[in-house]
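Q: There's a structure below that I have some questions on.
The values are calculated or read from the model by the stated rules, or taken from the named source; none is laboratory data. Nothing here was measured: the structure is a model prediction, and the numbers come from that model. Note that we place each Cβ from the backbone using ideal geometry, even for glycine, and neighbour counts take in every protein chain shown.
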Amino acid sequence: MRFLFLRRARRALPPQVGLILFATACAHVPVKTDIETSRVFDADFERTWAAVIETSAQLVVPVESIAKDSGLLTLRRTTAAPPDWMDCYEEEGNRAADYPQLARINIFVKRVSDRQTQVTVNSFFERSHVLPEQAGCYSTERVEGLFFAGIARNL
C-alpha cells in the first residue's frame with residue numbers, strides 16, 4: 001500500500017520539481033554577514049576626497065558621477081567585478097563566476113571634524129541570466145577593503 005502511494009505521488013509531480021529540489025540540495029546559498037562599510041580617516045575632507053578619487057583611478061573602476069559638494073562618488077555599474085568581491089548562490093557544477101555579475105558601488109565622503117573624515121563604501125551585487133531568487137549576492141568585504149586600504153595609502 002505504501003508503494004502505491006509513492007507511485008501516484010511520483011506521477012503527480014512534474015519532473016522539474018524533482019530537478020529543483022535536487023539542485024537546491026546541492027547549492028551554495030550566500031550568507032549576509034556584517035562587514036565594515038564605513039571607516040573614519042585622520043585627514044581633512046579635501047585630502048580624503050582626493051585620496052578617494054585617486055584610489056578609484058588606481059583600481060580602474062569607471063566613475064559615473066562625482067559630486068564633491070555632497071560627498072558622493074557613484075561608480076558605473078559594471079560586469080567586470082571579480083568573483084571574490086561577492087558571495088553568490090551557486091548550484092553544484094555551476095559556479096557564480098560562470099555568469100555575469102553586476103556590481104554597483106557608491107562612495108560617500110563625510111566631514112566628521114576639521115581633522116577627520118568618514119568614508120562609506122556601499123556595494124550592491126547581483127547575477128544576471130539566473131532565476132530572481134538566485135540573483136542576489138552579498139559583499140565579501142573585499143571591495144570595501146581594497147578601497148579603504150587604497151585611501152589610507154593615498155593620504
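Q: Within the stretch 92-125, which residues are more than 21 Å from residue 55 (Cα to Cα), surrounded by fewer than 17 Cβ atoms within 10 Å (Cβ to Cβ) and at pLDDT 60 or above?
A: Selection gives 113, 114.
Q: Still on this structure: Considering only residues of the stretch 131-140 that are part of a helix (DSSP H, G or I) and closer than 19 Å to residue 103 by Cβ, which is modelled with the highest pLDDT?
A: Looking at residues that are part of a helix (DSSP H, G or I) and closer than 19 Å to residue 103 by Cβ, I get 134.
Q: Which ones in the stretch 26-68 are at pLDDT below 70 and either surrounded by 10 or more Cβ atoms within 10 Å (Cβ to Cβ) or farther than 18 Å from residue 136 by Cα (or both)?
A: 26, 27, 28, 29, 30, 32, 33
Q: Another question about this same structure. Could you check the stretch 72-81 and list, in sequence order, the residues that are at pLDDT below 65 and surrounded by fewer than 20 Cβ atoms within 10 Å (Cβ to Cβ)?
A: Answer for the stretch 72-81, where residues must be at pLDDT below 65 and surrounded by fewer than 20 Cβ atoms within 10 Å (Cβ to Cβ): 79, 80.
Q: Confirm whether residue 143 is at pLDDT below 70 and outside any strand (DSSP E or B).
A: Judged against the criteria, residue 143 is not a match.
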